[in-house]
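The values are calculated or read from the model by the stated rules, or taken from the named source; none is laboratory data. Keep in mind that this is a model prediction, so the values were computed, not measured. Quick reminder, even Gly has a Cβ in these numbers, built from the backbone with ideal geometry, and neighbours come from all protein chains shown. Note: accessible area is taken over every heavy atom of the protein model, side chains too, but ligands, DNA and RNA are not part of it. Shrake-Rupley method; radii C 1.70, N 1.55, O 1.52, S 1.80 Å.
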Amino acid sequence: MSKVFEAYIAKANSPSEAFARLWLPAQPYELFDALDKVRLGDAAMYIEVNDFAAYGYLAPYISVDCNLLELNALAQKLSELDEWQSESFEGLVKMDVEKKDGSITMPRLIDLAYSADCCHFIPDVRSDTQLGKFYVDNDFCPELDTLPESIYELLDYAKIGRDQRI
């Protein structure tokens, strides 16, 4: 299990008094040990992620008042993703942020991490036109099966790709 985030945790009202550094994902005993060092009691927890490893683009979406267990759950799932799933996750995050005007919640990040394996990643496709051509060439548009080959050059591949992407 690879480490994804390095977190600094402390009491929210006195972050320098008692603190712990913790690599996530962490095992339950590591979480308990870190919380014991912090001596949280009834105080709120302060969490600062210092190292995002390969997931630096998540920095704006992980706040200091996030839930440690949710952050650990996200790190756990991210540590299990292979290379193309990681790229798919990054794409899902970017698409979701664009839809929601730049905000995204921790539960939503966890959901997207679990959804990354459902994505079909095509590395050579970088535009709607290329996506449309891919769909048509691989018979993903059954309504085109009855058209003669000569009509294919008249198709609006950009529109087909945009429709499929959306």
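Couple of notes before you dig in:
- Packing-based ranking, highest mean first, of 78-89, 115-126 given that Cβ atoms within 10 Å are counted: 78-89, 115-126
- Relative contact order (percent, whole number), the chain, Cα cutoff 8 Å, 6+ residue spacing: 18
- Comparing L78, M106, C118 along the charge dipole axis of region 13-166, the residue lying farthest to the positive side is M106, per the Cβ-charge model.
- The share of alpha-carbon pairs in region 59-105 lying farther apart than 15 Å comes to 53%.
- Cβ-placed point charges (K, R +1; D, E -1), dipole of region 44-157 about Cα centre in debye, nearest 20: 480
- Estimated Rh, the chain: Kirkwood, alpha-carbon pairs, angstrom: 18.5
- Heavy-atom surface analysis with a 1.4 Å probe gives the chain a carbon and sulfur content of 52 percent of its accessible area.
- The helix-based estimate of mean residue ellipticity at 222 nm for the chain, built from -39,500 (n - 2.57) per DSSP H run of four or more residues and divided by its residue count, is -13000 deg cm²/dmol to the nearest 500.
- Solvent-free Debye calculation, one equal scatterer per alpha-carbon of region 49-132: log10 I(q)/I(0) at 0.12, 0.14, 0.20 Å⁻¹ equals -0.37, -0.49, -0.95.
- Dipole axis of the chain (+1 Lys, Arg; -1 Asp, Glu on Cβ), positive-most option in A54, A43, L144: A43
- Against the main long axis of the alpha-carbon atoms of the chain, helix 28-38 sits at an angle near 50°.
- Per-residue extension of 0.36 nm, minus the Cα-Cα distance of V64 and S86, leaves a gain of 5.5 nm for this segment.
- Surface/4 of the Cα convex hull for region 109-166, nm²: 4.8
- Cα long-axis angle, helix 68-80 against the chain (0 to 90 degrees, to the nearest 10): 50
- The simple Förster model, with R0 at 41 Å and r as the Cβ-Cβ distance, assigns S14 and F121 a FRET efficiency of 0.35.
- Helix 83-99 axis, angle to the chain major axis (alpha carbon atoms, nearest 10°): 90
- Remark: region 1-155 carries 60 Å² of accessible area per residue (probe radius 1.4 Å; ligands, DNA and RNA excluded).
- Per-pair calculated FRET efficiency, R0 = 30 Å: V97 and A43 via Cβ, rounded to 0.05: 0.40
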